[in-house]
1. Could you please find all residues in region 163-187 being more than 14 Å from the chain's Cα centre (by Cα), in contact (Cβ under 8 Å) with a residue 40 or more places away in the chain and closer than 17 Å to VAL150 by Cβ?
2. Can you tell me how many residues in region 5-28 are assigned to a helix (DSSP H, G or I) and either modelled with pLDDT of 95 or more or touching a Cys at 6+ places or on another chain (Cβ under 7 Å) (or both)?
3. Please verify whether region 70-80 includes one or more residues that are open to solvent by less than 60 Å² (accessible area, probe 1.4 Å), more than 14 Å from ASN177 (Cβ to Cβ) and in contact with a His (Cβ under 6 Å, 6 or more places away or on another chain).
4. Quick one: which residue in ASP37, ASP83 is of a type in the set (Asp, Glu), open to solvent by 70 Å² or more (accessible area, probe 1.4 Å) and closer than 27 Å to LEU5 by Cβ?
5. Scan the helices (runs of 4 or more DSSP H) fully inside region 119-233 and keep the ones with 2 or more residues being of a type outside the set (Asp, Glu), crowded, with 16+ Cβ neighbours inside 10 Å and modelled with pLDDT of 90 or more.
6. State which residue pairs qualify: first residue without any contact (Cβ under 8 Å) to a residue 60 or more places away in the chain and inside region 48-65, second residue small (Gly, Ala, Ser) and open to solvent by 10 Å² or more (accessible area, probe 1.4 Å) in any location, beta carbons under 9 Å apart, and separation of 6 or more residues or different chains.
7. If a residue has to be over 13 Å from LEU122 (Cβ atoms), open to solvent by less than 60 Å² (accessible area, probe 1.4 Å) and of a type outside the set (Gly, Ala, Ser) to count, how many in region 1-18 make the cut?
8. Answer yes if at least one residue in region 98-116 is at positive phi and either surrounded by 14 or more Cβ atoms within 10 Å (Cβ to Cβ) or of a type in the set (Ser, Thr, Tyr) (or both), and no otherwise.
Amino acid sequence: MNNRLITYLEGNQLLSSIQFGFRAGKSTSDAVHELTDYIVTEMDGGQKVLGIFLDIAKAFDTVSVPNLMSKMESLGIRGVPLDLFKDYLSERTQRVRIGDYLSDERVLTYGTPQGSVIGPTLFLIYVNDIGMLTLPKGRAVMFADDTALVFSGNTWSEVYERAQSGFNIVSKWLRSNLLTLNNDKTHYITFSLKGNPSTSKAPPYTILAHTCPEPHRGQCPCTPLQKAHTVKY
């Protein structure tokens, strides 16, 4: 089933080109190269660059099954194949054991089966729409749920404005798809050429994780992202 699904998705070029996870011929090295190549190219052109590294909380466990079915149907997976996937993901149950105590079964309406062969492919379908988002003077690079957003501009003020706007777009998509951003583990880094501290050092702007209806910098209690010097991607 997984092989047939992958063949259909790849053969019809339905998966976003920014997705490098769980795909034949693509690897972590390709994702890192795509990211660093963008950063270096922009800096060589005299641009300032800012990267936001997202951490999605329990991403595979919080996939909405009804939403996933709608996304699969929109990709042309219909009829008997779609019914098979609905059956596979329906009426799954979970129990919790603590010592000698075992809870009652509860039906799961979220998540792809952990450890399954097909789980990662279903997740790629679920987050595929991120590759369709238009980011202002920036781009996204994904390895499954490990997502980086990078933005560039002539000045730090311009970069921060674009990064905030792009981050708002992605955050809104995550919320509408019932995925939760872990703000404490979502960091950003500024990149610039070394040698001239007066031009390379980024000013103390902030990137806010907006949850308010109409985000405006400095006018809401939303959480600021933590700036980091290094990030493991």
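1. To start, the set of residues in region 163-187 that are more than 14 Å from the chain's Cα centre (by Cα) comprises 163-165, 184.
From what is left, the residues that are in contact (Cβ under 8 Å) with a residue 40 or more places away in the chain are 163-164, 184.
Those that are more than 14 Å from the chain's Cα centre (by Cα), in contact (Cβ under 8 Å) with a residue 40 or more places away in the chain and closer than 17 Å to VAL150 by Cβ: ALA163, GLN164.
2. At the first step, the residues of region 5-28 found to be assigned to a helix (DSSP H, G or I) are 5-11, 28.
Adding the requirement that they be either modelled with pLDDT of 95 or more or touching a Cys at 6+ places or on another chain (Cβ under 7 Å) (or both) leaves 5-11.
Qualifying residue count for the region: 7.
3. No: zero hits.
4. Details: ASP37 fails: closer than 27 Å to LEU5 by Cβ.
Unique residue meeting the criteria: ASP83.
5. It comes to 119-127, 156-176.
6. VAL65/SER90
7. Final tally of qualifying residues: 2.
8. Within region 98-116 (the criterion being at positive phi and either surrounded by 14 or more Cβ atoms within 10 Å (Cβ to Cβ) or of a type in the set (Ser, Thr, Tyr) (or both)), the answer is yes, since at least one residue qualifies.
The values are calculated or read from the model by the stated rules, or taken from the named source; none is laboratory data. Computed from a predicted structure; not experimentally measured. Quick reminder, even Gly has a Cβ in these numbers, built from the backbone with ideal geometry, and neighbours come from all protein chains shown. Surface accessibility is based on the protein's heavy atoms, side chains included, excluding ligands, DNA and RNA. Shrake-Rupley method; radii C 1.70, N 1.55, O 1.52, S 1.80 Å.
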